[in-house]
1. In what sequence do A:127, B:165, B:38, B:61 fall when counting other Cβ within 10 Å, fewest first?
2. How much net charge surrounds residue A:56 when only other residues with a Cβ under 11 Å from its Cβ are counted (Lys, Arg +1; Asp, Glu -1)?
3. Can you count the Lys pairs in the stretch A:49-114 with C-alpha separation below 15 Å, eight or more apart or on different chains?
4. Distance between the C-alpha centers of the stretch B:144-211 and the stretch A:36-92? Whole Å please.
5. If I stretch the segment between residue B:170 and residue B:118 completely, what's the gain in nm (0.36 nm per residue apart, minus their alpha carbon distance), one decimal?
6. Using a 7 Å offset from the Cα along the Cα-to-Cβ direction at both residue B:63 and residue B:205, what is the distance between the two label points in nm, to one decimal?
7. Less than 15 Å Cβ to Cβ from residue B:177, Lys/Arg counted +1 and Asp/Glu -1: what total charge do the surrounding residues give?
8. Please list, or write none, the aspartates and glutamates whose alpha carbon is within less than 14 Å of the alpha carbon of residue B:159, excluding same-chain residues fewer than 8 places away.
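No value in this document is a laboratory result; all are computed from the given coordinates. Here the structure is a predicted model, which is why all the values come from computation and not from measurement. With ideal geometry, Cβ positions are generated from the backbone for all residues, glycine too; neighbour counts draw on all protein chains shown.
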Amino acid sequence: MFKKILIVAFILELTFVNKIFSQSITIKDSWARPASKGRNSAAYFTIINKNSFGDSLVQAISNIAEKVEIHETFKTENDMMGMRAIKFISIPANSEVKLKPGGLHIMLIGLKKNITEKDSVNLKLKFKRAKEIDIKIPVKDIMKKMPH
Amino acid sequence: MDFARKILKIMFNLKLNKYFILLTIPTTIIINSCGKNFPVIEDLSKDKFLLVNQDSNAVIFPENFKNKIIVIGYIFTNCPDICPLTTNNMRLIQEKLSKEMISDVQLISISFDPLQDSPAVLKDYATIRNLNLKNWDFLTGEKSTIDSLTKKVGVVVIKSDSTMFDDGRKIYYYVHTDRIQLIDKEGRIRKNYIGSKINIDEIINDIKKLE
Ligand SMILES: [Cu+2]
């Protein structure tokens, strides 16, 4: 009996639960920086996880650039800044994770064409648990409008 | 000078010995002219860094900008996260200066990655952002020149991570000082700011004090 329940639970997981997972992770406020062909851009967005369990963003894929990497900007002493590739971004249960300038970002390295303000960039996001999400990101020089 | 006058007034009120007053005057003047809030951080007036701008025109820094206040930011164009914040802050400073009709200011962005950042790359970087280059130069140069310049102005640049493309090309990222500097009309660095987080009103007020 117990075995049967396990099997049913397993099938349920395969068929329904995945769908529920993918619906519970959503993306908002996405934008990418303008940059010229051959150079680099960065993409930013907010990941919303309404699930009661954590997840991770493990990969971003785009045909706009030769390479796409998950990056974080870090600060060291004496006002020094750097950035490095990281393997994943943790998304805790019931939380929002913001990718923003000076922090987490998706690096679009070696752009295949110029991207300017009227363009958009396609990005496929792969998660550890949730289904992958395809997003279309507008290119914006967003800082122009929000001095800080 | 207000400070010096105040001290003098107090001294006269106290009817202190006039010799003591005579001794005090030079000291107060020295304190004032050094500008406690505006110490000279580094004097570049004797330096002649031979650089080139986004249009491939030769530029001698800081000599060619003498009699202008310089706002200078340090960037590399492969950095799409922090450096654009600095560049954007330079743009905001430029806009505010023009709004306040302050015209004797030159903006300069210097690349500390000259092997990647040719004049053409810098030109693209400015064009794609619709930057107004009327009083703004993007400078690069020989690597040895850039290295000695960054050393002199106190900007630290350390090669760190890299990305290798499929064809074997490699680009480097740098850990670097996040910096905008204010240089007076005599070519002396007077104040350091955090490039990506600079307070625009603060530097505009500082520029007014140096004018
Ligand atoms: Cu990065």
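1. Working: A:127 21, B:165 12, B:38 15, B:61 24.
Least to most surrounded, the residues fall as B:165, B:38, A:127, B:61.
2. So the environment of residue A:56 carries a net charge of +3.
3. Final tally of qualifying lysine pairs is 5.
4. 24
5. Roughly 17.1 nm would be gained on extension.
6. The answer from the label model is 3.7 nm.
7. Result for the neighbourhood of residue B:177: +1.
8. B:113, B:147
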